[in-house]
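The values are calculated or read from the model by the stated rules, or taken from the named source; none is laboratory data. Since we're looking at a predicted model, the values are computed, not measured. So basically every Cβ, Gly included, is an ideal-geometry build from the backbone, and we count neighbours across all protein chains shown.
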Amino acid sequence: MVTWNEFETAEPVLAAKVRASFEAGRHKTMATLRADGSPRISGTECEFVDGRLQLGSMTGSRKGADLVRDPRCALHGPTFHPEPGRETDWPGEAKIAGLAELAGALAGEDGDTGAAESQGELFVIDVREVVHTGLNDAGTALVVEWWTPEGGRRRIERE
């Protein structure tokens with residue numbers, strides 16, 4: 001498993017951009033795979049805790065069932081459009097793909113995990129790909145930076 005902390009240690013600048021994009025808003029979009037292999041998009045929340053990227057799922061949710069059956073998933077951070085005339089202020093957007101590992105029951109407000117059926121399930125993401133898309137300093141070209149455990153960090157710039 002590649003934890004968020006391991007990625008962050010390997011690529012601190014890219015990790016800071018991606019984390020800032022993810023933390024810019026509460027709700028993210030998550031892709032999972034249905035039992036028939038077709039994609040499912042769900043809204044979700046995730047957080048960085050103790051060097052791990054984690055998310056919860058309500059008990060009985062389709063998203064959670066998808067992850068238990070097939071842990072492959074992708075998260076897309078909140079998106080914001082570049083404002084005309086202020087393109088260089090656009091923070092970009094980020095995506096993280098990986099494998100969701102069931103880590104147990106979600107803790108309630110008081111920290112008590114209680115019964116899994118009443119609290120939900122906690123998943124930790126094994127990070128397999130991290131992507132940040134933004135603009136160059138002049139705001140004239142798209143810059144895509146990505147990282148995988150096998151390939152390391154790569155970058156392309158497109159006019």
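Taken over segment 117-159, the criterion of being under 19 Å from residue 93 (Cβ atoms), among the acidic types (Asp, Glu) and surrounded by 12 or more Cβ atoms within 10 Å (Cβ to Cβ) is satisfied by 129, 145, 157. Residue 104 meets all of the listed conditions (1) crowded, with 16+ Cβ neighbours inside 10 Å; (2) outside any helix (DSSP H, G or I) but one, namely (1). Just one residue in the set 13, 49 is of a type in the set (A, V, I, L, M), exposed (fewer than 14 other Cβ atoms within 10 Å of the Cβ) and farther than 20 Å from residue 134 by Cα; that residue is 49. Note on segment 16-39: residues that are among the basic types (Lys, Arg) and either loosely packed, with under 15 Cβ neighbours inside 10 Å or out of contact with any strand residue (DSSP E or B) (no Cβ under 7 Å at 6 or more places or on another chain) (or both) amount to 2. The residue that is farthest from residue 149 (Cα to Cα), among those in segment 4-40 that are assigned to a loop (DSSP other than H, G, I, E, B) and of a type outside the set (Gly, Ala, Ser), is 36.
Would you be able to say whether some residue in segment 83-101 is assigned to a loop (DSSP other than H, G, I, E, B) and closer than 18 Å to residue 52 by Cα? The answer is no; no qualifying residue exists. For segment 64-100, the set of residues classified as among the basic types (Lys, Arg) and either at pLDDT below 95 or under 23 Å from residue 7 (Cβ atoms) (or both) consists of 72, 86, 95, listed by residue number. Only residues that are of a type in the set (Ser, Thr, Tyr) and more than 20 Å from residue 4 (Cβ to Cβ) were counted across segment 27-63, and they come to 4. Looking only at residues of segment 55-94 that are touching a residue at least 60 places away in the same chain (Cβ under 8 Å) and not aliphatic (A, V, I, L, M), we find that the one that is farthest from residue 25 (Cα to Cα) is 59. For first residues located in segment 8-33 and within 20 Å of residue 156 (Cβ to Cβ), partners that are of a type in the set (Lys, Arg) and surrounded by fewer than 19 Cβ atoms within 10 Å (Cβ to Cβ) and lie 6+ apart or on another chain with Cβ distances below 7 Å form the pairs 11/153; 14/153.
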